Amino acid sequence: NEAIYTFNLALKNLKTYDLSEKSNHYIRITNNLSECFQNKNDLKNAAKFNDKALSIIENGGLKTNLYPQEYFIALVQKGELFAQNQIETNIKAIIFANELRQTFDLPESKLFYSEKVSPIYTKTIGLILE
């Protein structure tokens, strides 16, 4: 509950300082709220924030240049929230991660790939084999 309160307060502060919903901070907070609600098993609110993040990124054409890691995280969350589409969504995330990997030049990017992307490969292969 504290995390949800804090993230909602952060969203309110972003609006107070007139930062666009298309800012990296807004999208990251929205992804975090989705994860918090998912952890509380409040799938309705988790889906609402996940849809918001994906909508901002996809409709703004931002996924390929400004917010690639947030887009990947939102895709993975979508797969977890909507199990019937999990394989399809994970494959979409993997394809995007492969495109993204070509631009990795910082150690942090490689860490992101090993921590966030590699487990999705394993999970998706397991789902396909089931």
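The values are calculated or read from the model by the stated rules, or taken from the named source; none is laboratory data. Just so it is clear, the model here is predicted, and its values are computed rather than measured. Backbone-built Cβ (ideal geometry, glycine too); neighbour counts: all protein chains shown. When the accessible area is computed, the model is the full protein with side chains, heavy atoms only, and any ligands, DNA or RNA have been set aside. Shrake-Rupley method; radii C 1.70, N 1.55, O 1.52, S 1.80 Å.
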| Is there a pair in LYS48/LYS92; LYS15/LYS92; LYS15/LYS110; LYS12/LYS48; LYS12/LYS123 whose C-alpha atoms are over 28 Å apart, and which pairs would that be? | LYS15/LYS92; LYS15/LYS110; LYS12/LYS123
| remark: Calculating Kirkwood radius over Cα pairs in Å from this structure picks out, from (i) 17.3; (ii) 20.5; (iii) 15.3, entry (iii)
| request: Treat each spin label as a single point 7 Å out from the Cα along the C-beta direction, and report the SER118 to LEU14 distance in nm. | output: 3.0 nm
| task | Find how much the distance from HIS25 to LEU43 grows on full extension, using 0.36 nm per residue of separation minus their present alpha carbon separation; answer in nm with one decimal. | result | 4.2 nm
| remark: One finds, for ALA83 and TYR5 with R0 = 22 angstrom and r their Cβ-Cβ distance, a FRET efficiency to the nearest 0.05 of 0.20
| Per residue, how much accessible area does the chain show when a 1.4 Å probe rolls over the protein heavy atoms, in square angstrom? | 61 Å²
| note | Note: ILE125 to LEU111 extended length (0.36 nm per residue) minus current alpha-carbon separation gives 2.9 nm
| note | Asserting the computed 222 nm helical MRE of the chain (DSSP H runs at least 4 long, -39500 (n - 2.57) per run, divided by residue count, to nearest 500) equals -23500 deg cm²/dmol
| On the accessible surface of the chain, probed at 1.4 Å, how many percent belong to carbon and sulfur atoms? | 53 percent
